[in-house]
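Coordinate-derived values only; no laboratory data. Because the structure is a prediction, the values reported are computed rather than measured. Every residue, glycine among them, receives a Cβ derived from its backbone with ideal geometry; neighbour counts consider all protein chains shown.
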Amino acid sequence: MADQYDLLVIGAGPGGYACAFRAADLGLSVTLVDARDRLGGVCLNEGCIPSKALLHAAEIIREAQPMADWGISFGKPKLDLDALRAKKDEIVGHLTGGLTGLAGRRKVTTLQGKATLTGPNSAEIDGTEIRFDKAVIAVGSAPVQLPGWPEDDRIWDSTSALELRDVPKTLAIVGGGIIGLEMATVYSALGAEVTVVELANQIAPGADPQAVAILRNALEAEGITIHTGTQVTEVATTEATVTLTCTGAFEGQIKAKAVIQSVGRRANGDKVGAEAAGLSVSDRGVIEADATGATDVPSIFAIGDVTGNPMLAHRATHQGHIAAEVIAGHRAALETTLIPSVAYTSPELAWVGLTEAQAKAEGRTVKATSFPWAASGRNLASGGRDGLTKLVYDPATNRLLGASIVGRNAGELLAEVTLAIEMGARLDDIGLTIHAHPTLSETIAFAAERALGALTDL
């Protein structure tokens with residue numbers, strides 16, 4: 001006889017474990033299954049957290065270098081890859097262990113294995129048949145593999161890049177989105193000569209062009225070569241190098257000791273037996289779900305990357321909470337499209353809501369106001385480089401609609417603006433709020449004051 005589960009959550013990433021834990025808090029009996037032997041999914045084990053550990057190391061190297069101008073010399077950094085890799089793994093292990101403890105405290109049953117749906121109320125876990133009342137699919141996404149590329153240990157995806165096997169003398173990164181730029185930041189700081197190739201006309205496609213230009217200038221000043229509007233048409237390998245043949249804005253060849261493919265991620269909806277349960281899956285692996293996480297099959301919900309873009313951990317977490325609440329009989333829905341994005345580069349690039357370009361494409365009338373970080377006392381006193389805080393607003397009401405920030409800790413600063421937009425704040429609400437001095441957060445108030453004609457710091 002098959003085992004019977006009240007709620008089965010398939011996938012233990014940020015969406016899956018958040019859903020399982022929230023459902024348990026609401027009194028449900030929950031089983032959480034994942035193919036990995038540790039909770040946390042891609043984000044914790046192979047993505048968000050290990051990348052931030054390496055980015056922190058990269059930032060320390062970058063911050064130390066210019067301190068000679070301040071009368072403080074540290075000398076050339078000595079890189080111990082084994083120790084760096086071990087520290088990264090230690091952080092990941094600490095956090096995954098914490099999740100295991102949280103699951104145990106909530107009496108969430110955790111199973112290791114590959115779960116495959118066999119019907120609207122049934123599944124197999126490594127060949128063992130189970131049944132469930134409700135299931136939540138949270139199986140995430142995987143790096144896109146470019147077709148026609150040769151199999152070679154020197155061609156990495158984002159997962160293998162974070163393994164930190166070595167630091168090649170030359171590194172090419174195909175894809176200038178968030179993941180590609182973060183990897184460029186890490187490996188450049190560790191000593192690689194990095195070249196980024198992006199098909200779109202700007203890196204970080206979708207972000208504000210003015211903010212992106214500041215980031216690009218900073219990356220190029222660090223020695224990173226960037227080719228936008230460029231397509232890789234051929235990949236060839238020899239014993240010595242991997243050679244990329246490019247067309248477009250850059251015509252020619254790029255020879256590198258290693259290459260990272262970073263051209264996006266594909267949802268894993270076609271890897272969980274969705275069709276057997278009556279679910280349709282798009283050619284991009286996406287399972288459609290509504291604002292509650294509900295699919296066309298009443299017993300099955302879907303959350304996170306498997307439901308499509310934006311594929312971000314914090315979106316998945318909120319979706320997980322909502323799905324758990326609905327399954328537990330509560331009214332809930334994800335009623336916002338306001339999902340912040342952050343590239344943890346040096347400097348950081350963060351944005352939320354509308355950009356000027358998006359507003360124009362939608363036929364909306366907006367205005368923008370900005371404050372340059374060259375006039376920020378806190379930025380200059382901290383050795384900061386060029387930066388910008390830019391706000392997009394409705395000129396008829398002065399209501400805030402979007403923001404882009406580029407500079408140190410931009411991701412942290414973005415939270416204030418995100419909350420302001422969610423609460424329907426106007427420029428005067430922000431400008432009249434007293435911000436501590438000297439702080440980087442002042443730049444948000446200064447941008448608002450500039451639009452209101454009240455700024456005295458420019």
> Taking all pairs of different Cα atoms in the chain, averaging 1/r and flipping that mean, what Kirkwood radius in angstroms comes out?
Replying inline: 23.8
>> By the 4.7 Å beta carbon criterion, which cysteine residues of the chain come out unpaired?
In response: 19, 246
> If the stretch 298-379 were replaced by its equivalent ellipsoid, with semi-axes equal to the square roots of 5 times the Cα gyration tensor eigenvalues, what would those be, largest first, whole Å?
Replying inline: 34, 17, 12
>> Just to check I understand the Karplus step: with θ = phi - 60° and J = 6.51 cos²θ - 1.76 cosθ + 1.60, what whole-Hz values come out for the stretch 79-92, glycine and proline as x?
In response: 9, 10, 4, 4, 5, 5, 4, 5, 5, 4, 5, 4, 4, 4
> Within straight cross-link reach of residue 107, meaning Cα distance under 25 Å, which lysines are found once same-chain residues fewer than 8 apart are removed?
Replying inline: 134
>> About the Cα centre, and with charges only on the beta carbon of Lys, Arg (+1) and Asp, Glu (-1), how big is the dipole of the stretch 347-452? Nearest 20 debye, please.
In response: 240
>> Within the stretch 23-37, list the residues whose amide N lies under 17 Å from a label point set 7 Å along Cα→Cβ of residue 109.
In response: 23-25, 27-35
>> Let me make sure I get this right: for the stretch 273-326, a, b and c are the square roots of the gyration tensor eigenvalues over alpha carbons, sorted descending. Under 1.5 in a/c it's rounded, otherwise prolate if a/b > b/c, else oblate. Which is it?
In response: oblate
> In the stretch 322-353, which GluC sites (Glu not before Pro) are in a loop and have at most 15 other Cβ atoms within 10 Å, using DSSP for the loop call?
Replying inline: 335
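If you average 1/r across every pair of different Cα atoms in the stretch 1-67 and take the reciprocal, what Kirkwood value do you get, in Å? Write out the running numbers ahead of the final one.
Numbers: mean 1/r = 0.0701 Å⁻¹.
Hydrodynamic radius (Kirkwood, Cα only) of the stretch 1-67 equals 14.3 Å.
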>> Taking θ = phi - 60°, what integer Hz values does the Karplus form 6.51 cos²θ - 1.76 cosθ + 1.60 yield along the stretch 387-396, in sequence order, with x for Gly and Pro?
In response: x, 7, 10, 10, 10, 10, 9, 7, x, 6
>> Can you tell me, using C-alpha contacts under 8 Å and at least 6 residues apart, the relative contact order of the stretch 347-452 as a whole percent?
In response: 32
> Can you work out ³J(HN,Hα) from phi for every residue in the stretch 276-285, in order, using Karplus 6.51 cos²θ - 1.76 cosθ + 1.60 and θ = phi - 60°, giving whole Hz and x for Gly and Pro?
Replying inline: 5, 8, x, 8, 8, 10, 6, 5, 9, x
> Over the stretch 155-263, what is the percentage of antiparallel beta bridges among all DSSP beta bridges, to the nearest 5?
Replying inline: 45
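Among DSSP beta bridges lying fully in the chain, give the percent that are antiparallel, nearest 5.
Taking every DSSP beta bridge with both residues in the chain, the antiparallel ones total about 60 percent.
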>> Show me, bin by bin at 5 Å from 0, the whole-percent P(r) of the stretch 66-148 based on Cα pairs.
In response: 3, 9, 10, 11, 13, 13, 11, 8, 6, 5, 4, 3, 3, 1
> Once fully extended, how much extra length lies between residue 253 and residue 296, figured as 0.36 nm per residue of separation less the alpha-carbon to alpha-carbon distance?
Replying inline: 10.6 nm
>> Could you list 43, 48 so that the one with the fewest beta carbons within 10 Å of its beta carbon is first and the one with the most is last?
In response: 48, 43
>> Sort 156, 70, 351, 149 by Cβ crowding within 10 Å, fewest neighbours at the top.
In response: 70, 149, 156, 351
> Among 169/257; 169/255; 78/257; 78/169; 52/88; 88/271, which pairs are too far apart, with a Cα-Cα distance over 18 Å?
Replying inline: 78/257; 88/271
> How compact and how long is the stretch 347-452, expressed as Rg and Dmax of its alpha-carbon atoms in Å?
Replying inline: 12.9, 41
> Got a sec? How would 423, 67, 183, 311 order by Cβ neighbour count within 10 Å, fewest to most?
Replying inline: 423, 67, 311, 183
>> Are there any GluC sites (Glu not before Pro) in the stretch 217-248 that are in a DSSP loop and have at most 13 other Cβ atoms within 10 Å? List them by number.
In response: 239
> What shape does the stretch 155-263 have by the C-alpha gyration tensor, where a ≥ b ≥ c are the square roots of the eigenvalues, rounded means a/c under 1.5, and otherwise prolate means a/b greater than b/c and oblate the rest?
Replying inline: oblate
> Within the stretch 1-131, what percent of beta bridges assigned by DSSP are antiparallel, to the nearest 5?
Replying inline: 45
> What is the gain in length, in nm to one decimal, between residue 435 and residue 357 on full extension, counting 0.36 nm per residue of separation less the C-alpha to C-alpha distance?
Replying inline: 25.2 nm
> When N counts the residues of the stretch 388-427, how does its alpha-carbon radius of gyration compare numerically with 2.2 N^0.38 Å, as a ratio?
Replying inline: 1.14
>> Tell me which GluC sites (Glu not before Pro) from the stretch 87-193 have a DSSP coil assignment and no more than 16 other beta carbons within 10 Å of their own.
In response: 151, 163
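Express in nm, to one decimal, how much length is gained between residue 86 and residue 288 on full extension, taking 0.36 nm for each residue of separation and deducting their alpha carbon distance. Before the final figure, lay out each step's value.
Values: separation 202, 0.36 × 202 = 72.72 nm, distance 3.93 nm.
Full extension from residue 86 to residue 288 adds 68.8 nm.
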